[in-house]
């Protein structure tokens, strides 16, 4: 058996190997030539182009925040302005380690430890190339501290900005409002590009409602930055031409507020929980708007720490709460003139007919007594006397005869339980009860029944009924003008800071309240005049050189048992009655309508009425009287 084999061809293999080497050398040489040609093209032919482009990569676009419009009172006194301030800002994409940077800033005292989570959320909500403010209004000490440690923080720098400043602090804060740091929720509703150069936005009051007017249009500028993202001034001959486009400042606002009247009103309730509103009944201008206690808006402008905000937010006196448009209270006897007009309008009462007031009222077939604030009663009273002495049984009986639906419909014509439309927003509506309302609100069928006794107390502004002080002020202004109805407003005019052109904002009128007989206005107003001339508030009107129409009122905070007596000394301060007073003057040509509410103030005549008199004197007589101590509650009429 023979074995066959194949002889290896070494020469052929050697030839193939040499061919492959030559091919590889050719390919490498060709690629090398291409690479050299490309390098020559980039380094020699396109040298100037790419040098300029490289320099351009070091140019960053920075927003130039436009100055915010200045806010003035009606006489040109500054209420909100801008001041230069330094703030610490961070560009996220230029920070190598964000968490370390924030922790380190907290270690050296530039950020509060408790605020770190909030700062992180703010940074995450902004774009990576935005300059995000992480600390507003640096002090000289803060800037010195950062200067020493500046090398540790690439992407972090101090910027000069215009910061909001409120020179009068708490005065009129709930009308003016304040600006605060832009939050995540703010970013969801605003144009981010428009706010790229800003860290604050109007939060409440005029600052929020007129944000688009006060805020201008930001400018833009190109700045040179180094590898750490810090701006540099020179790059030698490679520096490109930097562009700059100026923005447009925001418009100034002139408010309807009279600062001197506002200050008098605030001085009278400085240490109380209260609301005061003064309106011009002829056009709806708000002359004074007070909600106490207040707070310093400059804290929000500089940025409150979490603990500072918590202290304000959890204060039992609720300084952040705007009582004028959001506080809901039973209006008490302030609505009695309107209820009297309803009786006239529906032909239920004769204004001259006298009715006996024994100090209580009972429904037919019932032994339950609805008591008067005057235990002994008022004797025989007609309509004017009933308003003047605030006789509850007279209005209990009138409400029972009118019925809940007619009460609801007539009071609704005066804007109660509806938004007034005031231009600072944030209003609550309150409750104007009816059979249908109760059926909708209560779930249990047994609770949906409207009882006659509920109509009785509805007639004196108690029970389910609640209103805001602003609604009561609008109601008073309608009575003062005998039916004319204006939307309350705080902003009077705007001014273009460039052209200095002033544009007046035209007051908005609403459909007038029409009565079948205009004499009904006079009869109700005569009752309010009598309140100030021998009635429940006569002491507050003493010596006034102008005529005043007013109405006192109290609003129960809790119900007194049928056989119990209201013992103020045994009741906790926050459970005592609220004090109301409404008024307008002069009666012949009304120029001011005032509403005063003092929470747990006990007496409308003794606590609230003197405050309203001081406000009217300030506006009509330019007589500015402020108490040297807390006003003492009058004891003449403890019920009203």
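Order of 470, 532 from fewest to most other C-beta atoms within 10 Å?
Details: 470 30, 532 27.
Placing the least packed residue first, the sequence is 532, 470.
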Q.
Compute the helix-to-body angle for 469-480: its Cα long axis versus the longest principal axis of the chain, expressed 0 to 90° and rounded to tens.
A. 50 degrees
(Q) Between helix 392-402 and the chain, what is the angle of the helix's C-alpha long axis to the longest principal axis, kept within 0 to 90° and rounded to the nearest 10? (A) 80 degrees
Q. How far is the Cα center of the range 396-424 from the Cα center of the range 468-503, in Å?
A. 22 Å
Q: Would you give the gap between the C-alpha center of the range 120-195 and the C-alpha center of the range 253-296, rounded to a whole Å?
A: 30 Å
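Report D for the range 266-352 in µm² per second (integer): Stokes-Einstein, Kirkwood Rh on Cα pairs, 25 °C, 0.890 mPa s.
On the way: Rh = 16.4 Å.
My calculation gives 150 µm²/s for D.
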Q) To the nearest µm²/s, what D does Stokes-Einstein give for the range 88-135 at 10 °C and 1.306 mPa s, using the Kirkwood radius over alpha carbon pairs as Rh? A) 149 µm²/s
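What list do you get for 44, 61, 277 if you sort them by fewest beta carbons within 10 Å? Walk me through the intermediate numbers first.
Values: 44 8, 61 11, 277 33.
Fewest-to-most Cβ neighbours within 10 Å comes out as 44, 61, 277.
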Q: Arrange 315, 193, 157 by Cβ neighbour counts within 10 Å, fewest through most, would you?
A: 193, 315, 157
Q | Principal-axis tilt of helix 140-149 within the chain, Cα atoms, nearest 10 degrees | A | 20 degrees
Q | Cα-based equivalent ellipsoid, the range 408-495: semi-axes from gyration tensor eigenvalues, Å | A | 31, 15, 9
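If you take the C-alpha gyration tensor of the chain, multiply each eigenvalue by 5 and take the square root, what semi-axes do you get, largest first, in whole Å?
Working: eigenvalues 1064, 170, 102 Å².
Calculated on Cα positions only, the semi-axes equal 73, 29, 23 Å.
Values in this text are rule-based calculations from the coordinates and carry no lab data. In this text the structure is predicted, and so the values were computed from the model without any measurement. Don't worry about glycine lacking a Cβ; one is built from the backbone with ideal geometry, like all the others, and counts go over all protein chains shown.
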